[in-house]
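Undergrad: Take a look at the following structure, please.
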Amino acid sequence: MLWATAGVVALGFLIALEIVARSYAGVPGPITNQAKEVIFAPKPGPLYGGLALMMVVLTWRQRFIAAGAAIGIDVVFVLVRWAIGARMTDGHYFGNGALWVMLGCAVIAVTRRTGRERVLLLKGVGLGLLLVAGRKTGDTWLLITSKTRPTVLDQYVATADHALGNPSWVAGRILEATGPVGTHVLDLVYAQLAVAAVVVALYQLRNVAAERRFPSHHLVRTFLVIGLLGPAIYMIFPVVGPIFAYGPGTSGTGGLQWAVADLWPHTPPPIGAPHPVPYDGITPRNCMPSLHTAWATAIFIHSRKGPRVLRYAGTFWLIATLSATLGFGYHYGADLVAGVVFSLTIEAGLRSLDRGWDRSGIQLVAYGTAVFTALLVSYRYLPVEMAKHPWVFGPLLILAMASVIYGYVRTTRLWEPKAAPVRLPEPQPELV
């Protein structure tokens, strides 16, 4: 019943987004875009990542068959496109095979499986398709934010960011000084965040095929909920980011004609009376909170119980993601603080839902929600005071984030199962 209810809710949400996208933006929504990828060349990364997640429910023999079928289907698609001279978008030539295999497994589950085996295979297919649908949903959300929020609140966040020392401006100059090497490394980390998530998720789900069941809680759940709830905050607090609001923009969006001033990253913005400013109808209002920070925090948390190499990778990905979000001018420091609190609160809520709500779980989620709300309210209504008194508000912001981190670590440690003490055998009398 729980999975059926979740499926109905997800389908209803996708239908609603489809209607909103066509009504407000005049473009196809996530359902239409996903349906197109059955035939038209898609971006292969998310589809093959979804296929990898789906295959956790299969045996090794079935995995080889599924992977071989996906590659074979893609070879046929590539040859047909080459033969008819089809035009490829952004150089994408393959990826349909992974989607066909996932849909084929869904058909097999309904027609050839029964009982627990059918449910397990459908769960695997749903997990893989959710990863793909999550990206489509996110793209639609970003488009809706740009079309429905004509003004942005960057001046408020930039002013409040004085309390933290304007970290985006500092990181931007540091990244500029490192040259192309640092830029390429951070760009790779920033763009491949989903790959890191899939690696950690595959480790967590490595025993599904043998145990014939999913673990009660894993990274994919947190990832999807962050992506679902985050854009709602974008609508409440629309912000485009330093490189767009105070710089030349990037990738053909934004630009000096929409920027408040050409200041990033060499000149911190002056302290003044902030006000909403109009911006273009293309650039997503996707800064507050920083979901890249929230996702990287979730990857870090879920990598803690893995082997040493996975723990090191999770730490590296978190540090590199924070550096990239600031260094590329995509986020203010205030966005990152809110992103960490946002991620920990969602993780605490999901873990509480899994183990059963108790007093400690309710208190932790309520406290995280209160801190997150206080951060947004202070950014919106106290930015000038924060900028004028950085030695007061800067430590308060860090202390607020640290208190949520401490509360999460302290509470979740109490939730961990205690190992039973090993009873030593009693000494037996010996014959003399």
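The values are calculated or read from the model by the stated rules, or taken from the named source; none is laboratory data. Predicted model only: the values in this text are computed from it and were never measured. Glycine gets a Cβ as well: all are built from the backbone with ideal geometry, and neighbour counts include every protein chain shown. Areas reflect the complete protein model, heavy atoms only, side chains present, ligands, DNA and RNA absent. Shrake-Rupley method; radii C 1.70, N 1.55, O 1.52, S 1.80 Å.
Undergrad: Pop the C-beta distance of ILE282 and SER23 into the FRET formula with R0 = 22 Å and round what comes out to the nearest 0.05.
TA: FRET efficiency, ILE282 to SER23: 0.75.
Undergrad: Going 7 Å from the Cα of TYR312 in the Cα-to-Cβ direction, what parts of region 192-224 have a backbone nitrogen less than 15 Å from that spot?
TA: Those under the cut-off are none; the list is empty.
Undergrad: If you count only protein heavy atoms with a 1.4 Å probe, what accessible area per residue comes out for the chain, rounded to a whole Å²?
TA: Per residue, the chain has an accessible area of 51 Å².
Undergrad: May I pose another question? Can you return the lysines within cross-link range of LYS43? Criterion is Cα-Cα under 29 Å, with same-chain partners fewer than 8 residues away left out.
TA: LYS123, LYS136, LYS147
Undergrad: Name all residues of region 21-56 having a backbone nitrogen under 20 Å from the label point set 7 Å from the Cα of ALA83 along its Cα→Cβ direction, giving them as ranges.
TA: Those under the cut-off are 38-42.
Undergrad: Would you kindly state how much longer the chain becomes between VAL185 and ILE39 on full extension, computed as 0.36 nm times their sequence separation minus their alpha carbon distance, in nm to one decimal?
TA: 49.2 nm
Undergrad: Per residue Cα convex hull volume for region 193-254, in cubic angstrom?
TA: 114 Å³
Undergrad: For ALA366 and VAL119, calculate 0.36 nm times their separation in residues minus their Cα-Cα distance, and state this gained length in nm to one decimal.
TA: 85.5 nm
Undergrad: Continuing with this model, one more query. Tell me, what is the Rg over Rh of region 45-122, with Rh the Kirkwood radius over Cα pairs?
TA: Over the Cα atoms of region 45-122, Rg/Rh equals 1.06.
Undergrad: For q = 0.22, 0.25 Å⁻¹, what log10 I(q)/I(0) does region 86-167 give under the Debye formula with an equal point scatterer on each alpha carbon and no solvent?
TA: -1.05, -1.13
Undergrad: When the chain is fully extended, how far beyond the present Cα-Cα distance does ARG173 get from LEU353, taking 0.36 nm per residue of separation?
TA: In short, 60.5 nm is gained.
Undergrad: Suppose each label sits 7 Å from its Cα in the direction of the beta carbon; what would the VAL377-ILE271 distance come out to in nanometres?
TA: That separation, rounded to one decimal, is 2.3 nm.
Undergrad: Separate question: Using a simple spin-label model with points 7 Å from Cα along the Cα→Cβ vector, what separation in nm is obtained for VAL75 and ALA16?
TA: My value for the distance between the label points is 4.5 nm.
Undergrad: Working with all protein chains in place, sort ARG308, ARG118, ARG351 by solvent-accessible area computed with a 1.4 Å probe, largest first.
TA: Output order, biggest surface exposure first: ARG308, ARG118, ARG351.
Undergrad: Follow-up question, since we're still on this one. Quick one: compute a quarter of the convex hull surface over the Cα atoms of region 242-315 and quote it in nm².
TA: Its average projected convex-hull area is 7.1 nm².
Undergrad: Starting at 0 and stepping by 10 Å, how many percent of the alpha carbon pairs of region 23-177 end up in each bin?
TA: 10, 28, 24, 19, 14, 6, 0
Undergrad: Taking the radius of gyration and the Kirkwood hydrodynamic radius from Cα positions alone, what is the Rg/Rh ratio for region 225-285, to two decimal places?
TA: 1.01
Undergrad: Heavy atoms only, probe 1.4 Å: what % of the accessible area of region 267-398 goes to carbon and sulfur, would you let me know?
TA: Of the solvent-accessible surface of region 267-398, carbon and sulfur hold 71 percent.
Undergrad: Kirkwood Rh, region 124-230, all Cα pairs: how many Å?
TA: Kirkwood hydrodynamic radius for region 124-230: 17.5 Å.
Undergrad: What area, in nm² and to one decimal, does the C-alpha convex hull of region 300-358 cast on average over all directions?
TA: Answer in nm², one decimal: 4.9.
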